[in-house]
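J.: For reference, the structure I am asking about is given below.
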Amino acid sequence: MRCIISAQALFKNLQKLQGVIQANPLSPIIENFLFDIQDRNLTILATDLNTTLTTRMNVEAKGSMRIAVPSRFLLETLKSLGEQPVTLNMNETSYSISMSTDSGEYQLLGEDPAAFPVLTGPDELHQEFSMPAHAFLEGLNHTLFAVSTDELRLAMVGVLVDMDTTGVHFAATDGHKLATHSCHMTGPNLSGKFILPRKAVQLLRNLLPDISGDISLRFDNANAYFNFGETELTCRLIDARFPDY
């Protein structure tokens, strides 16, 4: 399959996803990005099994194909290309990838996408709502510094997002200091709470400054689902009871 895309645009989108990938993952397949091409749409996914980040962009292509692409080599190659079109020729049988540009040709060896973890949708949702991205970002910025680094104190290694009829409230503590922040909202009654793990908070703090509109948030017993622009973040929630703050 042949696909043409801007090298710089692809690099910028992959940079968003890079923070999800672990250096030494439990499964080698998740050292890759998953590319899913459906005609002129490319969906790119990265996961560490607990946190999954997805972004979408337009490309010049016909047909459909899924392939796992080595993240480190692809990022290093694109970083040196700058702003120019790059042509990806991908073999659906051998999973080999040829990258052609004005400055040369590069060869990559991908992997079978069937081995990549399958995303599952939410169970019965507890709550679904939208709020300004800058407001949610402000809540994270005002509380992350108080999150504990002691992994044995599970309830304290994330930021609590607590919703009630007055709005959305954020809290974090390490047992010595406590930080809280409230975003008052009007509209449908909100209810429920969950603890966002530190990694998801850090990813959101990197992504949300570029978002001018609202973010959509859903959550169930196990996961939270964020949607903003062409990006989606899914993260496993911390299963613990936050201290009564």
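The values are calculated or read from the model by the stated rules, or taken from the named source; none is laboratory data. Owing to the predicted nature of the structure, the values given are computational and were not obtained by experimental measurement. Here the Cβ positions follow ideal geometry from the backbone for every residue, glycine too, while neighbour counts run over all protein chains shown. Ligands, DNA and RNA are excluded from the accessible area calculation, which covers all protein heavy atoms including side chains. Shrake-Rupley method; radii C 1.70, N 1.55, O 1.52, S 1.80 Å.
J.: For T77, indicate whether it is at pLDDT 90 or above and either β-branched (V, I, T) or open to solvent by less than 90 Å² (accessible area, probe 1.4 Å) (or both). Walk me through it before giving the result.
T.: Numbers: at pLDDT 90 or above: no; either β-branched (V, I, T) or open to solvent by less than 90 Å² (accessible area, probe 1.4 Å) (or both): yes.
Judged against the criteria, T77 is not a match.
J.: Sticking with this structure for a sec: Please tell me if L144 is closer than 19 Å to Q202 by Cα, in contact with a strand residue (DSSP E or B) (Cβ under 7 Å, 6 or more places away or on another chain) and either touching a residue at least 40 places away in the same chain (Cβ under 8 Å) or open to solvent by less than 80 Å² (accessible area, probe 1.4 Å) (or both).
T.: Working: closer than 19 Å to Q202 by Cα: yes; in contact with a strand residue (DSSP E or B) (Cβ under 7 Å, 6 or more places away or on another chain): yes; either touching a residue at least 40 places away in the same chain (Cβ under 8 Å) or open to solvent by less than 80 Å² (accessible area, probe 1.4 Å) (or both): yes.
It is true that L144 is closer than 19 Å to Q202 by Cα, in contact with a strand residue (DSSP E or B) (Cβ under 7 Å, 6 or more places away or on another chain) and either touching a residue at least 40 places away in the same chain (Cβ under 8 Å) or open to solvent by less than 80 Å² (accessible area, probe 1.4 Å) (or both).
J.: I'm checking my understanding of the structure. Among residues of region 1-26 that are small (G, A, S) and touching a residue at least 40 places away in the same chain (Cβ under 8 Å), which one is least open to solvent (accessible area, probe 1.4 Å)? Steps first, answer last, please.
T.: As a first pass, look at region 1-26 and keep what is small (G, A, S): 6-7, 9, 19, 23.
In the following step, the residues that additionally are touching a residue at least 40 places away in the same chain (Cβ under 8 Å) were identified as 6-7, 9, 19.
Numbers: S6: 37, A7: 0, A9: 38, G19: 45 Å².
Among those residues, the one meeting the criterion is A7.
J.: So, in region 166-206, of the ones that are of a type in the set (V, I, T) and in contact with a helix residue (DSSP H, G or I) (Cβ under 6 Å, 6 or more places away or on another chain), which residue ends up most open to solvent (accessible area, probe 1.4 Å)?
T.: Residue satisfying both the conditions and the ranking: T173.
J.: If A155 satisfies every condition in (1) over 18 Å from D244 (Cβ atoms); (2) open to solvent by less than 60 Å² (accessible area, probe 1.4 Å) but one, which is the exception?
T.: A155 satisfies every listed condition except (1).
J.: Would you tally the residues in region 103-127 being modelled with pLDDT of 85 or more and open to solvent by 90 Å² or more (accessible area, probe 1.4 Å)? Give the steps one after another, and end with the answer.
T.: Taking region 103-127 and keeping what is modelled with pLDDT of 85 or more, we get 104-117.
If we keep only those that are open to solvent by 90 Å² or more (accessible area, probe 1.4 Å) as well, we get 105, 107, 109.
Going through region 103-127 one residue at a time, the tally reaches 3.
J.: How about region 224-245: which of its residues are on the phi < 0 side of the Ramachandran plot and either of a type in the set (K, R) or open to solvent by 30 Å² or more (accessible area, probe 1.4 Å) (or both)?
T.: The first filter runs over region 224-245 and keeps only residues on the phi < 0 side of the Ramachandran plot, leaving 224-228, 230-245.
N227, E230, E232, T234, R236, D239, A240, R241, P243, D244, Y245, listed by residue number.
J.: Among the residues of region 225-238, what is the count of those that are under 24 Å from Q22 (Cα atoms) and without any contact (Cβ under 8 Å) to a residue 40 or more places away in the chain? Break it down into steps so the answer makes sense when it comes.
T.: Pass one, region 225-238, residues under 24 Å from Q22 (Cα atoms): 225-228, 230-238.
Filter once more, keeping what is without any contact (Cβ under 8 Å) to a residue 40 or more places away in the chain: 226-227.
Matching residues across region 225-238 total 2.
J.: Tell me which residues, restricted to region 1-45, are assigned to a strand (DSSP E or B) and over 17 Å from the mean Cα position of the chain (by Cα).
T.: Hits for region 1-45 are R2, C3, I4, I5, S6, I37, Q38, N41.
J.: Would you list the strands (runs of 3 or more DSSP E) that sit entirely within region 50-119 and hold 1 or more residues that are of a type in the set (A, V, I, L, M, F, W, C) and touching a Pro at 6+ places or on another chain (Cβ under 7 Å)? Even if it seems obvious, please write down each step before you answer.
T.: Details: elements: 51-58, 64-70, 85-90, 96-101, 104-109.
In region 50-119, 64-70, 104-109 are the strands (runs of 3 or more DSSP E) which contain 1 or more residues that are of a type in the set (A, V, I, L, M, F, W, C) and touching a Pro at 6+ places or on another chain (Cβ under 7 Å).
J.: If you take the residues in region 46-58 that are surrounded by fewer than 18 Cβ atoms within 10 Å (Cβ to Cβ) and aliphatic (A, V, I, L, M), which one is farthest from the chain's Cα centre (by Cα)?
T.: So the first thing to find is which residues in region 46-58 are surrounded by fewer than 18 Cβ atoms within 10 Å (Cβ to Cβ), and the list is 49-50, 56-58.
From what's left, aliphatic (A, V, I, L, M): 49, 57.
Details: L49: 11, M57: 15 Å.
Checking each candidate, the answer is M57.
J.: Any idea which of (1) closer than 19 Å to D112 by Cβ; (2) modelled with pLDDT of 95 or more; (3) not basic (K, R) is the one L53 doesn't satisfy?
T.: Here L53 clears every test but (1).
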